[in-house]
Structure formats: C-alpha cells, structure tokens
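Participant: One structure, as structure tokens, below. Some questions next.
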Amino acid sequence: MWRLFLMLFLVAPPALAGGEPLRVFVSVVPLKTFVERIGGDAVTVTAMVGPGHDPHTYDPAPRRIGALTEAQLYIRVGLPFEHTWMTRFAAVNPSMEVMDARAGLNLATDHDHAGHDHGAAGHDPHVWTDPLLVKRMAADIRDTLGRLDPDNARAFAANYQDFAAELDALHADIQALFPPPANRRFMVYHPAWSHFAARYDLIQMAIEQEGKEPGARTLSTLIEEARHHDVRVIFVQPQMDKRLAERLAREIDGRVVVMDPLAADYGATLRRAARLIAGNDTP
C-alpha cells in the first residue's frame, strides 16, 4: 500500500524561501519540544506520533505520510515504528534530510554506573529520559538546523545555550534527590525509563519484557522484590493497559501513577517521576 502513498504524494519539496520556517518532522513529541526550544520561530515542527498514540505499534495515516513532502528534515530516534517506515518516509521525499538523534551517543558506555540491571539501557530507544543525553542530542540538532538555515545559526546557538542550562539545572535537581549510593528501585509497566535509571543509579523493575506480559512465576518474583525494597509506585504510560499494574499495586499496597515519557512538558515530567521514586511527591 505504501507504493500508492508514494504515487499520491511524491512531489519535489518546495525550496526554503527567505524568512520561511524550516519544516521539520520528528519521531515523537519530546523531540518536538527540543527542536522548538532550539529553533524558535525559525522552525515548524510536527511529531509523526502524536499524543495518545503508541510508537511501538504506530502506523502513520496516508495524510501524515503525505505531509513529509514539505519537510526539509526528519529527526529519528530508533523507535519500533521507524524500523518499518523510515525507508518509505525517505522514498516519499528523497530531498528530505534524515538525522538520527542517537548519532554520537555510545549508549553502552555513556552512563557511569555499572553492575545494576537497568533494563538494558543500550537497547532502550527512550534516550531522552536522560537530560545529559538530551543535551548532546540538542547540540546535534543545533548544528543540523544551522547548516540547513545558516541565516539563523546564531539564534540557534543562543537558544541552545539557554536550553542546555535548563537541562543542567534539571539534572542537578534530580541528582540531588538520589545521593550516592542510590540503588533505589522503582517499578514500571513498560521499560521506558532505562536511561533515566542508568543516569541516576536507580534500578528499573519492568513488568513487561519485550512486549510480553510476565508469567505467574515472574509476577511472584516482582511482588516479593517490590515488598522487600518497599516499592510503592508503579509507572504506567497512558497509551497502555494498566490493569495488570493495578493488580500488582494491590499486592504491594501501592498505587499506579500515569507517567508519560512521551509528554511534551519534558522537565516537569522528569522532575515528577524523580520525586515519586524518591518518595517526595504524591500522585
């Protein structure tokens, strides 16, 4: 069917006119936030996966694919839907530049901590849950925007400096909640917080593994471990079914908290997640 989309929408993208914003597509909403912080009024940004959709199972509508014909840049981050669709996205608009936000991030060594099971951070595409990784991604976004729109390169650099300072402050605020040795555990339904856990020396206990719900023995182990370590909060993304998490919450006398790593309000989301793990906040 994608060949039909290509026939319908394959046209040459318009050249960037003087004063016209760069048209940028990104994988998910947090990346939209980052590009807008750096690009300001000089960019128009669209998230391929909008609010409420699951990027693990997302299938873009024909209209969404057609909109790519007007894009100068697509920023990917390695989410499951991109493995299926990126070749087709590029075919719709061969002139569109594709930037991988993970480029330059050596995810096997970027975190200082070792010896804990952080949910295989190196294989978790949710790299933006680590503010220091975002700072490095943002520098690449700054450079890419500046190359595509050199007239605004100075503004992009200034915006980056402001955003980088915000990320440093966010990191410092979260780090203060987990003085070493942290080793604090928290439970999630879907293991989307691996990079957050690795950065702050936390241990993510995931209910779901590789898209599959656990069996009875694994559930029993999770319950015992949660009780032993006094884990009382389970994070669930709003895009996912929370019934199993609610069942586990009853077993550990805890509560389910909707926490969305795909939220646009990036700083507030990470700060609230950290406070809940540290026991300094209520849902």
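Participant: Does Asp260 fit the bill of being within 27 Å of Gly52 (Cα to Cα) and surrounded by fewer than 16 Cβ atoms within 10 Å (Cβ to Cβ)?
Facilitator: No, not satisfied.
Participant: Considering (1) over 24 Å from the mean Cα position of the chain (by Cα); (2) more than 29 Å from Leu170 (Cβ to Cβ); (3) of a type outside the set (Gly, Ala, Ser), say which one Asp241 fails and leave the rest.
Facilitator: (1)
Participant: Please find, among Arg37, Arg23, the residue that is of a type in the set (D, E, K, R), part of a strand (DSSP E or B) and at pLDDT 95 or above.
Facilitator: Checking each option against the conditions leaves just Arg23.
Participant: Continuing with the same structure: If you go through segment 30-49 one residue at a time, how many are in contact with a strand residue (DSSP E or B) (Cβ under 9 Å, 6 or more places away or on another chain) and over 17 Å from Leu167 (Cβ atoms)?
Facilitator: 8
Participant: Let me ask something else. Can you tell me which residue within segment 199-224, out of those that are loosely packed, with under 13 Cβ neighbours inside 10 Å and among the basic types (Lys, Arg), is farthest from Leu79 (Cα to Cα)?
Facilitator: Arg217
Participant: Based on this model, can you work out whether Phe196 counts as among the aromatic types (Phe, Trp, Tyr), crowded, with 17+ Cβ neighbours inside 10 Å and out of contact with any helix residue (DSSP H, G or I) (no Cβ under 6 Å at 6 or more places or on another chain)?
Facilitator: Answer is no for this residue.
Participant: Just name the residue that is farthest from the chain's Cα centre (by Cα) out of those in segment 171-195 that are in a helix (DSSP H, G or I) and in contact (Cβ under 8 Å) with a residue 60 or more places away in the chain.
Facilitator: Leu177
Participant: Let me ask another. Of all residues being of a type outside the set (Asp, Glu) and in a helix (DSSP H, G or I) in segment 69-84, which is farthest from the chain's Cα centre (by Cα)? Just the residue, please.
Facilitator: Step by step, filter segment 69-84, then rank; the result is Thr69.
The values are calculated or read from the model by the stated rules, or taken from the named source; none is laboratory data. Not measured: the values here are computed from a predicted model. For neighbour counting, all protein chains shown are included, and Cβ atoms are generated from backbone atoms with ideal geometry for every residue, glycine included.
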